[in-house]
Each structure stands twice: as structure tokens, then as C-alpha cells.
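Worksheet: the structure to be examined is printed underneath.
The values are calculated or read from the model by the stated rules, or taken from the named source; none is laboratory data. A quick note: this is a predicted structure, and the numbers were derived from the prediction, not measured. Quick reminder, even Gly has a Cβ in these numbers, built from the backbone with ideal geometry, and neighbours come from all protein chains shown.
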Amino acid sequence: MPELPEVETIARGVDKRVRGDRILQAWFSRVPQTFKTPRQRQAKGLSGCTILSVHRAGKHIVFELGPPAAASKARTTQPAPGPGVSEAQWIVHLGMTGRLLVTSPESPVALHTHARLLLESGRELRFVDPRRFGRLEFRDLRRSAGFGAPGSEPLTIGEREFAALFRGRRLSIKAALLNQELLAGVGNIYADESLFQAGIRPRRRANRVKRSELERLRLALHQVLTTAIQLGGSSVSDYVGADGERGFFQLEHCVYQRTGEPCRRCQTPIRRVVEAGRGTHYCPKCQH
DNA sequence: CATTTCACCTGGTGGC
DNA sequence: TGCCACCAGGTGAAAT
């Protein structure tokens, strides 16, 4: 599911439901590649912790955790604590098919469930991931630094910094947008949609895109991502939110998965090519 | 070093 | 209905 707008939607939904709750116990599957931190260490680190807050960084969902001893006090004495006092973090990357669900402990456990966190409130947080591209990581902030996505956040980056990302790069502008070390959070849908809005062909070399075009791209990204967040992201097959609610931005797609259909602006059939190993969609007349 | 390709997985879809 | 090829919102390791 998950690009920036979907991850933002999920992080907000999970935050609303579990902020201030306490993790009583943690269960993990035995699929080893799911765990960037060994599963036993995650289980030990998580149990007893208070969830101070949940937020997005790039395509990652970050749980800020308070120490086990501080315990349930946080839940009743509002306002809920902020991230400042966090002692550890639980970091979830959804990969292609990962989902975070808040359910009752009794509800049937879906196939490919890799994590179950039993919460003091009586709810359960679950991580389900059929394709196993998702990753779970635990960080003890007393021992290591806090998590920060490597690339810049596309919603807050300024004009100069944005242009500098592409300077001297000979890869395609599409590949550059997908590179998480440059921009954190842009994936295949929003790369294609923002390039359409900016009128730029996905296969152009990044260093050949003019400064004015790059600025159009920055603004297009901002606009597309902001609108998508407002609509709860894109639900392409099945989806999303902590209760399984769907997003609606797929109705706004201009090019993504519209191969052969008429361009919304000029009626020319949308073209599909493979670029950077990904299906890439554009209008041959509107994009240059 | 920068850039490109491919393996990693399961599941859904559409053609025959 | 079954079988098969192809496609999928991501990424990091290997190859070029």
C-alpha cells in the first residue's frame, strides 16, 4: 500500500487509537527477514512500554515509547505525553503489502500475521504482511540515535534544496524521485502523478530538467501529496487504515494505471513504459 | 563511485 | 475449472 500519503494516513489512525496505551505483551512470527532487530529483543524491549505517540518519517511509521516503569499513569492523566521523553522506538516499514490493524484480541488472526501487541486497553495491534517485504525494527535510544529517514521530506523541502538534489545526476527524473536517500516517501504512484502535473517526461535525465521545471515538480509533489492525504491515500487493490477504511485518491489519478485510457487534459491515450524497473505512466502530449 | 537490474514473496487477474 | 504468465504501492544486494 504504502507511499507517503498512505503511511501518513495509517500513522495518524494508529496514533489516535493507541496513543497513551501500554504494551502488555508482544508476540512475533518466525519469519526471520521481517525483523531488522531480532524478534526476541523486540519482544523484550516492547513489553511494558507506554506508547507516547505514533508518527511518519518517510515511508516508516515510528512509535515513540516510554519506559516500562512509568506505566499506565499516562493514559488517565491527559494531555498525552509528547515525543520528548521517548526512551525507545518501534519502527514499522510496510513494504508492499504490510498492514497495521487495531483489533480486539479475539478477532480471527489473518494469514501472514507477523506481530501482535496486546494493549492494556484491551485492544490488540497487529502487523500483517503477505509478501514479507515489510520490516520491523526496535531502537533503544539510550544506546543508539533516533530514527530519521535519510532523504528530505517532500512536504517541507525548499526550492534551493530541492533543485540541489538533482544536480549532476544522470539517472532519470523518475528514478531520482523514487530514491529514498534523496526524497523520503515518494513511491511509484506519486512519482508518476507529480511528473504528469509538472508536465515532465519520466525518462528525462535528472540533470537535464531545467530549474523552472524542477520548481513546478516540487509544487506538484506538494499539491498531489497534500490532496492524497486529505483523501486518505490511494486504495488500489485492498487497503489501509487501522480499521480497514479505504482511501479515495485513486479516483483522482491522472496517469497511474490508466494505460490506454484518454488523458484527462487532452484525450491522448496514456502510455506505459518500464523505467527504473517500475511500470511508468505518462501522457506523451502533455509531458515533455 | 553512480547507475541499473534483479531477487525477494504472495496473491489477484485475465487469457486460453 | 485449471493452468500459466504477468502484474503489483518497495528496497537492498549484486552486477555493470
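Taken over the range A:86-143, the criterion of being among the basic types (Lys, Arg) and touching a residue at least 12 places away in the same chain (Cβ under 8 Å) is satisfied by A:99, A:116, A:123, A:126, A:131, A:132, A:135, A:139, A:142.
Filtering the range A:54-69 to residues that are surrounded by fewer than 21 Cβ atoms within 10 Å (Cβ to Cβ) and either more than 13 Å from the chain's Cα centre (by Cα) or modelled with pLDDT under 95 (or both) leaves A:67, A:68, A:69.
For the range A:139-146, state whether one or more residues are under 22 Å from residue A:6 (Cβ atoms) and either in a strand (DSSP E or B) or hydrophobic (A, V, I, L, M, F, W, C) (or both). For the range A:139-146, residues under 22 Å from residue A:6 (Cβ atoms) and either in a strand (DSSP E or B) or hydrophobic (A, V, I, L, M, F, W, C) (or both): absent. Scanning the range A:177-192 for residues that are touching a Phe, Trp or Tyr at 6+ places or on another chain (Cβ under 6 Å) and more than 8 Å from DNA strand C (Cβ to nearest atom) turns up just one, A:192. Mind checking which residues of the range A:179-196 are in contact (Cβ under 8 Å) with a residue 40 or more places away in the chain and surrounded by fewer than 22 Cβ atoms within 10 Å (Cβ to Cβ)? Matches in the range A:179-196: A:180, A:184, A:187, A:188. When the criteria are applied in full, residue A:257 fails the requirement of being within 30 Å of residue A:17 (Cβ to Cβ), at pLDDT 90 or above and within 16 Å of DNA strand B (Cβ to nearest atom). For the structure I just gave you, tell me whether residue A:203 is in contact with a Ser or Thr (Cβ under 6 Å, 6 or more places away or on another chain), within 21 Å of residue A:59 (Cβ to Cβ), outside the structural domain of residue A:100 (by TED's automatic domain parsing) and within 16 Å of DNA strand B (Cβ to nearest atom). So residue A:203 fails the test. Search the range A:207-236 for residues that are in a helix (DSSP H, G or I) and pair each with any residue that is among the charged types (D, E, K, R) when their beta-carbon atoms are under 7 Å apart and the residues are at least 6 apart or on different chains. Matching pairs, first to second residue: A:207/A:167; A:207/A:169; A:207/A:170; A:215/A:159; A:218/A:159; A:224/A:193; A:227/A:252; A:229/A:8. If I filter the range A:232-248 for residues that are touching a Ser or Thr at 6+ places or on another chain (Cβ under 7 Å), within 28 Å of residue A:13 (Cβ to Cβ), of a type in the set (Phe, Trp, Tyr) and more than 16 Å from DNA strand B (Cβ to nearest atom), do I get at least one hit? Checked against the condition, which is being touching a Ser or Thr at 6+ places or on another chain (Cβ under 7 Å), within 28 Å of residue A:13 (Cβ to Cβ), of a type in the set (Phe, Trp, Tyr) and more than 16 Å from DNA strand B (Cβ to nearest atom), the range A:232-248 yields no hits at all.
Checking A:137, A:193 one by one, the residue that is under 30 Å from residue A:270 (Cβ atoms) and of a type in the set (Asp, Glu) is A:193 and no other.
Conditions (1) under 19 Å from the mean Cα position of the chain (by Cα); (2) in contact (Cβ under 8 Å) with a residue 60 or more places away in the chain; (3) closer than 15 Å to residue A:102 by Cα, marked per residue:
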site: A:21; (1), (2), (3): no, yes, yes
site: A:32; (1), (2), (3): no, no, no
site: A:37; (1), (2), (3): no, yes, no
site: A:43; (1), (2), (3): no, no, no
site: A:48; (1), (2), (3): no, no, no
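The set of residues from the range A:113-159 being among the aliphatic types (A, V, I, L, M) and either under 20 Å from residue A:54 (Cβ atoms) or exposed (fewer than 14 other Cβ atoms within 10 Å of the Cβ) (or both) comprises A:115, A:117, A:118, A:119, A:125, A:128, A:136, A:141, A:145, A:149, A:155. Residue A:185 passes every criterion in (1) at pLDDT 95 or above; (2) within 19 Å of the chain's Cα centre (by Cα); (3) part of a loop (DSSP other than H, G, I, E, B); (4) within 16 Å of DNA strand B (Cβ to nearest atom) apart from (4).
The single condition among (1) under 16 Å from residue A:65 (Cβ atoms); (2) surrounded by 16 or more Cβ atoms within 10 Å (Cβ to Cβ) that residue A:85 does not meet is (2).
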